[in-house]
Amino acid sequence: METTEILDFIETFRKTSGWNRVPREKALRRDLSGMEMFDPPLAGTAAANDPSFLLLKSREAVGPQFLLPGEWLPGAGSVVSFFLPFTSRVREANGKSGPEPAPEWLHGRIEGQEFIDRLSRALVEHLREAGGDAVSPAVDPRFASCTGRNTVFRDQNGTPLPVTFTSNWSERHVAFVCGLGTFGLSKGLITSLGVAGRFGSVITSFPLVPDNVVPEDLYGNCTLCGECAAKCPAGAISPEKGKDHVLCSEYLGLMKEKHSPRYGCGKCQTGVPCEKGIPAKRQR
Ligand code: SF4
Ligand code: SF4
């Protein structure tokens with residue numbers, strides 16, 4: 001098994017499964033029926049015992065509740081992270097739709113995530129059929145996250161951990177370790193194909209050849225231009241203080257009330273210089 005085979009599997013699933021298109025019965029407008037949500041993927045591979053995963057247990061990264069690859073899958077050999085960028089139709093509609101999420105974006109966020117979940121399960125099955133073992137944490141029953149003020153995580157003694165807006169597996173942080181990009185002021189991960197898209201990952205027993213270079217600069221791809229802060233309708237991003245997760249979450253809650261069962265925003269990912277690639281550094 002090689003990473004290129006996994007990348008080929010993802011691309012074939014994207015092109016042929018049918019799940020990368022908005023189903024007719026769910027389309028928010030007639031012209032959105034059949035709309036493609038994702039372009040071709042990127043993937044990166046890290047050894048399951050890469051010491052950078054251990055750093056994700058610190059409070060400055062994901063937190064002590066983060067489970068290591070070997071905790072998800074005893075005998076883990078490798079972690080593959082993948083990124084699927086949204087199509088120009090999804091990105092551009094959201095870049096132009098004012099403070100409200102465009103219907104194209106709502107589909108990308110919800111039906112797009114359903115696609116990622118189906119892909120992750122299919123990838124696990126594929127790796128098992130190939131003779132290995134695999135887990136995709138985001139679709140595993142052990143996955144847990146908390147977005148509110150109260151944590152759901154406890155230490156070995158049962159004491160609640162003082163962490164919020166976090167989970168026991170973070171796709172963005174895992175993508176960072178797998179060498180797919182660096183963080184931006186908006187806290188999105190800026191890859192070579194930009195920030196606007198969705199991540200997924202799989203842990204496998206196959207000892208794939210690692211191809212990751214963990215960036216030394218956490219924010220190396222971000223120019224700190226501040227355009228994501230200017231676009232945020234909730235005022236949740238500030239060049240001085242970074243991102244306020246409470247304000248962002250409250251705005252997403254408001255959007256859910258208006259667009260239920262869908263929700264989303266993504267204004268900090270569209271119509272900004274890092275939307276579809278690594279922005280050019282400004283001349284000093
Ligand atoms: S819009 Fe500018 S400041 Fe915000 S994440 Fe992108 S590059 Fe960084
Ligand atoms: S998702 Fe929307 S509310 Fe949240 S930080 Fe980005 S622009 Fe602001």
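The values are calculated or read from the model by the stated rules, or taken from the named source; none is laboratory data. Given the structure is predicted, the values throughout are model-derived calculations rather than measurements. Note: ideal-geometry Cβ built from the backbone for every residue, glycine included; neighbour counts use all protein chains shown. Each accessible area value is taken on the protein alone, full model and side chains, heavy atoms only, with ligands, DNA and RNA left out. Shrake-Rupley method; radii C 1.70, N 1.55, O 1.52, S 1.80 Å.
Unpaired cysteine residues in the chain (no second Cys Cβ under 4.7 Å): Cys146, Cys178, Cys222, Cys225, Cys232, Cys248, Cys265, Cys274.
With the contact rule set at Cα under 8 Å and sequence spacing of 6 or more, what percent relative contact order holds for the stretch 133-284?
Working: 221 pairs, mean separation 36.7, N = 152.
It comes to 24 percent, rounded to a whole number.
How high is the relative contact order of the stretch 36-163, in percent, with contacts defined as C-alpha pairs under 8 Å that are six or more residues apart?
Numbers: 124 pairs, mean separation 29.3, N = 128.
Relative contact order of the stretch 36-163: 23 percent.
Think of each Lys and Arg Cβ as +1 and each Asp and Glu Cβ as -1; about the Cα centre, that makes the dipole of the stretch 3-220 roughly 740 debye.
Can you tell me the order of 133-139, 253-259 when each peptide is scored by its average per-residue count of other Cβ atoms within 10 angstrom, highest first?
Values: 133-139: 21.1, 253-259: 13.4.
Put in order of decreasing packing, that is 133-139, 253-259.
Taking a quarter of the surface of the Cα convex hull of the stretch 73-177, what do you get in nm²?
On the way: hull surface 37.1 nm².
Result: 9.3 nm².
What are the semi-axes of the equivalent ellipsoid for the stretch 202-245, taken as the square roots of 5 times the Cα gyration tensor eigenvalues, largest first, in whole Å? Display every interim value, and only then the final one.
Numbers: eigenvalues 226, 41, 14 Å².
Ellipsoid semi-axes (Å, largest first): 34, 14, 8.
Here the Debye sum runs over all C-alpha atoms of the chain as equal scatterers in vacuum, and log10 of I(q)/I(0) at q = 0.12 Å⁻¹ comes out as -0.77.
Measure out, as a whole number of angstrom, how far apart the alpha-carbon centroids of the stretch 71-101 and the stretch 26-45 sit. Distance between centres, Cα-based: 11 Å.
Normalised radius of gyration (Cα atoms, divided by 2.2 N^0.38 Å) for the stretch 152-271: 1.22.
Dividing the alpha-carbon Rg of the stretch 88-137 by 2.2 N^0.38 Å yields what? Display every interim value, and only then the final one.
On the way: Rg = 15.9 Å, N = 50, 2.2 N^0.38 = 9.7 Å.
The value comes to 1.63.
Separation of the stretch 105-129 and the stretch 202-266, taken as the distance between their Cα centroids, equals 20 angstrom. Partner lysines whose Cα lies under 29 Å from the Cα of Lys267, excluding those fewer than 8 positions away in the same chain, are identified as Lys15, Lys26, Lys96, Lys187, Lys231, Lys241, Lys243, Lys256, Lys258, Lys276, Lys281. Heavy-atom accessible area, probed at 1.4 angstrom with all protein chains present, ranks Ser81, Ser260, Ser17 as Ser260, Ser17, Ser81, highest first.
Three principal axis extents describe the C-alpha atoms of the stretch 174-223; from largest down they are 37, 23, 15 Å. Sites listed here are trypsin sites (Lys or Arg not before Pro) in the stretch 132-236 whose DSSP assignment is loop and whose Cβ has at most 11 other Cβ atoms within 10 Å: Arg142, Arg149. Here the sum of -39500 (n - 2.57) over DSSP H runs of 4 or more residues, divided by the residues of the chain, equals -9000 deg cm²/dmol at 222 nm, to the nearest 500. Pairs of Cα atoms nearer than 8 Å and 6+ residues apart set the relative contact order; for the chain it is 23 percent.
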